[in-house]
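Structure, as C-alpha cells:
The values are calculated or read from the model by the stated rules, or taken from the named source; none is laboratory data. Here the structure is a predicted model, which means the values were calculated and not measured. As a convention, Cβ positions derive from the backbone with ideal geometry for all residues, glycine included, and neighbour counts pool all protein chains shown.
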Amino acid sequence: MSERTYPVSPEWAKRAYVDDAKYKDMYARSVKDPDGFWGEEGKRLDWIKPYTKVKNTNFGPPDVSIKWFEDGTLNVSANCVDRHLAKRGDQTAIIWEGDDPTKSKLITYRQLHEQVCRFANVLKAHGVKKGDRVTIYLPMIPEAAYAMLACTRIGAVHSIVFGGFSPDSLAGRLEDAKSSVLITSDEGVRAGRPVPLKANADAAAEKAPVKTMIVVQHTGGKVTMKAGRDVWYHEEAAKVPADCTPEEMSAEDPLFILYTSGSTGKPKGVLHTTGGYLVHASMTHQYVFDYHDGDIYWCTADVGWVTGHSYIVYGPLANGATTLMFEGVPNYPDESRCWQVIDKHKVNIFYTAPTAIRALMQKGDGPVKKTSRASLRLLGSVGEPINPEAWEWYHRVVGDDRCPIVDTWWQTETGGILITPLPGATVLKPGSATRPFFGVQPQIVDADGKVQEGATEGNLCIVDSWPGQMRTVFGDHERFIQTYFSTYPGKYFTGDGCRRDADGYYWITGRVDDVINVSGHRMGTAEVESALVAHDEVSEAAVVGYPHDIKGQGIYAYVTLMAGVAPSEDLRKELVQWVRKEIGPIASPDVIQFAPGLPKTRSGKIMRRILRKIAENELGSLGDTSTLADPAVVDDLVANRGK
Ligand code: WTA
C-alpha cells in the first residue's frame with residue numbers, strides 16, 4: 001500500500017462544490033435525516049407530479065422492498081433533453097468521436113431532442129408500449145443514446161447488450177427479458193476492423209422471440225434484411241414526426257434492465273427504476289466530477305455496461321453536460337489516441353478503467369508526453385481496483401501532477417457511485433476509493449457477519465438504501481433477496497472484500513465470490529464453466545481468476561476431457577474459440593490447463609481455493625489437502641501448471 005497522500009490543492013478547494021467541512025456536514029445529514037436530505041436533492045429533477053414521500057425501504061429479513069419518491073411522476077428523456085432546450089438548445093450535448101480519427105460530430109441539445117423524438121415515434125409505430133422491453137445491441141454511436149432516451153420517452157424498458165457478446169448471449173438476454181424488439185446496426189468498428197453486429201443479431205433471432213429488428217445504418221456494410229421482421233432505421237425515421245410527447249412515469253416504474261454476472265447461474269437482469277436512479281446518477285455526476293456548466297466530460301466506457309448508462313448518458317445529460325462518446329479503442333491508430341482526443345475536443349474531465357491505464361503505462365511516457373492535455377482538470381477511475389503504481393503514473397504523467405484522481409467504487413446493482421473521493425474535499429491515497437458518498441453507509445463484516453469496527457478488513461456490506469439501488473432481479477425477486485440480502489440478513493452484501501484504514505478510508509480488495517473482473521468486465525466463473533462443459537469433448541471444468549498485469553484478472557480454466565480424448569494444442573485453441581462463440585471474446589480463457597482430475601472433497605465439491613492458489617502460483621500455501629477424496633490430484637495439477 002502506498003503511503004503517499006495527495007492533499008486538495010488550493011485551486012480545487014476554491015472551485016469545487018464541496019470542501020471537506022461541507023462533505024462532513026452533508027454526509028452527517030444524509031444518514032441522520034435521509035428524508036430531508038434526499039427530499040431536497042430530488043428537486044434537481046423536473047417532476048410532473050412532485051413526490052410527497054421520499055424513502056420507503058426495507059432490507060428485510062424476510063422481505064426486501066425499495067422505493068424512493070414513490071408518489072412522484074416524471075419522464076427521464078424530458079429531464080435529460082427537453083428541460084435544457086430553453087437555456088442550452090444550441091449547446092453540444094454529445095460529442096461523437098469515431099473509431100476513425102477523421103470522423104467526429106457534434107450533436108446539440110436541440111438536435112438530440114429531434115433524434116430522440118423520431119426514434120420514440122419509430123418505436124411507437126412498431127407497436128412498442130409503456131412497459132415493453134426493447135433490446136439494444138449497438139456500437140458506440142449516437143443512435144445508442146437516442147435509442148435509450150427514446151425508450152424512456154415512451155416508457156419502454158431498455159435492455160442493452162454489449163456488442164462484444166455472442167449471438168447466444170444476446171439470445172439468452174432477449175429471451176429472459178421477453179423482448180420482441182431488437183435494435184442493432186449493420187456493423188460496428190473497432191480498431192479499423194468491422195464487428196458483424198447484424199449478422200450476430202440474425203443468429204440470435206433464430207433462437208429468440210424477435211418480431212421486429214430495427215437496423216441503424218452505420219458502416220454501410222452488406223447485411224441481409226429479413227422481410228416482415230427487419231427495417232432500416234433511417235427509412236422509418238423519415239416517416240414519423242419530429243415531436244413526441246413524453247409519457248408520464250411513476251418514479252418506481254422500471255427504467256432499464258442490464259444483465260450482469262453473478263457467482264452462480266445465468267446472468268441476472270438487474271432492474272433499475274425511474275426517479276431514484278436519475279437523482280443518484282445526476283447528483284454523483286455533478287459532485288464526483290465536480291461538473292460545472294461548459295465543462296467537456298469524457299467517460300470511455302461502452303453503453304453496454306452500467307458505467308455507460310449512468311456516466312455517458314443519464315447523469316451527464318440530466319445535468320445539461322457535454323458528454324463525449326468514443327467509438328474506438330485507446331491504442332488505435334496508436335497509443336496516443338486518448339490524449340489526442342482530449343486535445344481535439346478540449347476535454348476537462350476524463351474517466352476510464354485501470355486496465356486501460358495499465359496497458360498505456362506499459363508503452364511508456366512518450367505517447368502521452370507528445371500531447372498537450374492542457375484542458376484536463378480531473379481524472380477518474382472505475383471498474384476494478386487500481387494498483388498504486390498505475391494510479392501514480394496516471395497522476396504524474398497523464399495529469400501532469402495537476403489533476404486529482406477520483407477512484408470511484410460502485411456496481412451495476414448500485415446504479416451509481418457509492419465510495420469515492422470528492423475532488424475539492426478528499427485527501428487522496430493512491431489505490432483507495434476513500435470515503436462513502438452521501439447517504440451511503442458501508443460496513444465491514446467477517447465471514448460470520450460480525451461487524452468489524454475501526455481499521456479492519458473483511459466483506460463489504462451497505463446497511464441502508466440509496467436512491468440508485470437496483471430494485472429487483474427482473475422476473476425473479478426471490479433471486480434478488482437470495483443474492484444480495486441472505487448472506488448477511490438485513491444488509492446489502494456487495495460481493496467485494498474491503499479494508500478500512502485508520503483514517504476511515506476504504507480500500508476495495510476485489511471480489512470474494514466467484515465473480516472475476518477481466519479488464520474491468522465482470523464475468524461469472526460459472527458461465528465460463530458451463531460454456532466449456534457444453535463442448536462434446538469436455539467432461540468437467542473449473543474456472544478461477546488469477547492476477548494479470550494488464551487485465552487485472554485473467555481467466556484460468558482447468559479442463560477434464562472425456563475418456564479417450566487426448567489433450568492437444570489444437571483442442572486447446574478450439575476450446576478458446578468455443579468459449580468466444582458461446583459467450584463472446586471478453587470471456588476467452590487466458591490459460592487452459594488439461595487436468596486428469598479436479599481436487600474434490602469426499603462429498604464431491606470442487607475445492608476452488610486450491611485451484612486459485614495453483615493459478616496464482618502460490619504453491620507454498622495450498623493449505624490442507626488431506627480432506628480431498630484423492631490428494632494425488634493436486635500433485636498432478638502443480639506439476640502440469642499452465643499446461
Ligand atoms: C469492481 C462497474 C475497486 C468491484 C461500475 C465491483 C471496483 C465490480 C471499483 C462491479 C473500484 C468497480 N475499485 N473495484 N473503483 N469499481 N469495482 O457491475 O469488484 O461491472 O463489485 O460495475 O467491479 O462491476 P460492474
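The sole residue among 360, 379 that is among the hydrophobic types (A, V, I, L, M, F, W, C) and within 16 Å of the ligand (Cβ to nearest atom) is 379. Is one or more of the residues making up region 214-223 closer than 24 Å to residue 131 by Cα, out of contact with any Leu (no Cβ under 8 Å at 6 or more places or on another chain) and part of a strand (DSSP E or B)? Yes, that holds for at least one residue. Cβ separations smaller than 8 Å between residues 6+ apart or across chains give the following pairs from region 301-314 residues that are more than 16 Å from residue 354 (Cβ to Cβ) to residues that are among the acidic types (Asp, Glu): 308/302.
When the residues of region 256-266 are filtered to those that are part of a loop (DSSP other than H, G, I, E, B) and within 11 Å of the ligand (Cβ to nearest atom), the one that is farthest from residue 148 (Cα to Cα) is 262.
Quick grid of which residues meet (1) at pLDDT 95 or above; (2) buried (at least 19 other Cβ atoms within 10 Å of the Cβ):
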position: 541; (1), (2): yes, yes
position: 544; (1), (2): yes, yes
position: 557; (1), (2): yes, yes
position: 566; (1), (2): yes, no
position: 569; (1), (2): yes, no
position: 595; (1), (2): yes, yes
position: 607; (1), (2): no, yes
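Just the residues that are of a type in the set (Lys, Arg) and touching a strand residue (DSSP E or B) at 6+ places or on another chain (Cβ under 7 Å), please, taken from region 368-388. Answer for region 368-388, where residues must be of a type in the set (Lys, Arg) and touching a strand residue (DSSP E or B) at 6+ places or on another chain (Cβ under 7 Å): just 377. Would you say residue 341 is out of contact with any Lys or Arg (no Cβ under 7 Å at 6 or more places or on another chain), surrounded by fewer than 23 Cβ atoms within 10 Å (Cβ to Cβ) and not small (Gly, Ala, Ser)? Spelling it out, residue 341 is indeed out of contact with any Lys or Arg (no Cβ under 7 Å at 6 or more places or on another chain), surrounded by fewer than 23 Cβ atoms within 10 Å (Cβ to Cβ) and not small (Gly, Ala, Ser).
Quickly run through region 232-252 and pick out the residues that are of a type in the set (Val, Ile, Thr) and crowded, with 17+ Cβ neighbours inside 10 Å.
Taking region 232-252 as the starting set, the residues that turn out to be of a type in the set (Val, Ile, Thr) are 240, 245.
Across region 232-252, the qualifying residue is only 240.
For region 271-287, check the following and say yes or no: at least one residue is more than 16 Å from the ligand (Cβ to nearest atom) and assigned to a strand (DSSP E or B). Within region 271-287 (the criterion being more than 16 Å from the ligand (Cβ to nearest atom) and assigned to a strand (DSSP E or B)), the answer is yes, since at least one residue qualifies. Filtered by the rule that a residue be farther than 14 Å from residue 410 by Cα and within 15 Å of the ligand (Cβ to nearest atom), region 426-446 gives 426, 428, 429, 430, 431, 444.
Quick grid of which residues meet (1) more than 24 Å from residue 384 (Cβ to Cβ); (2) touching a residue at least 40 places away in the same chain (Cβ under 8 Å); (3) within 14 Å of the ligand (Cβ to nearest atom); (4) not charged (D, E, K, R):
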residue	(1), (2), (3), (4)
498	no, yes, yes, yes
523	no, yes, yes, yes
526	no, yes, no, yes
539	yes, no, no, yes
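Out of 276, 265, 320, one residue alone is crowded, with 24+ Cβ neighbours inside 10 Å and farther than 22 Å from residue 405 by Cα. It is 276. Pairing residues of region 384-406 that are in contact (Cβ under 8 Å) with a residue 12 or more places away in the chain and of a type in the set (Phe, Trp, Tyr) with residues that are away from the ligand (no atom under 11 Å from the Cβ) and outside any loop (DSSP other than H, G, I, E, B), at Cβ distances under 8 Å and at least 6 apart in sequence or on separate chains, gives 393/357; 393/361; 394/357; 394/361; 394/379.
All conditions but one from (1) within 16 Å of the ligand (Cβ to nearest atom); (2) crowded, with 18+ Cβ neighbours inside 10 Å; (3) at negative phi; (4) of a type in the set (S, T, N, Q) apply to residue 519; the one that does not is (3).
Within region 197-213, the set of residues being in a loop (DSSP other than H, G, I, E, B), surrounded by fewer than 16 Cβ atoms within 10 Å (Cβ to Cβ) and modelled with pLDDT of 95 or more comprises 211 only. In region 393-415, of all residues being more than 19 Å from residue 348 (Cα to Cα) and near the ligand (Cβ under 9 Å from one of its atoms), the one that is surrounded by the most Cβ atoms within 10 Å (Cβ to Cβ) corresponds to 409.
Given the criterion within 16 Å of the ligand (Cβ to nearest atom), touching a residue at least 60 places away in the same chain (Cβ under 8 Å), surrounded by fewer than 21 Cβ atoms within 10 Å (Cβ to Cβ) and β-branched (Val, Ile, Thr), identify the matching residue among 494, 509. Being within 16 Å of the ligand (Cβ to nearest atom), touching a residue at least 60 places away in the same chain (Cβ under 8 Å), surrounded by fewer than 21 Cβ atoms within 10 Å (Cβ to Cβ) and β-branched (Val, Ile, Thr) holds for just one of 494, 509, which is 509.
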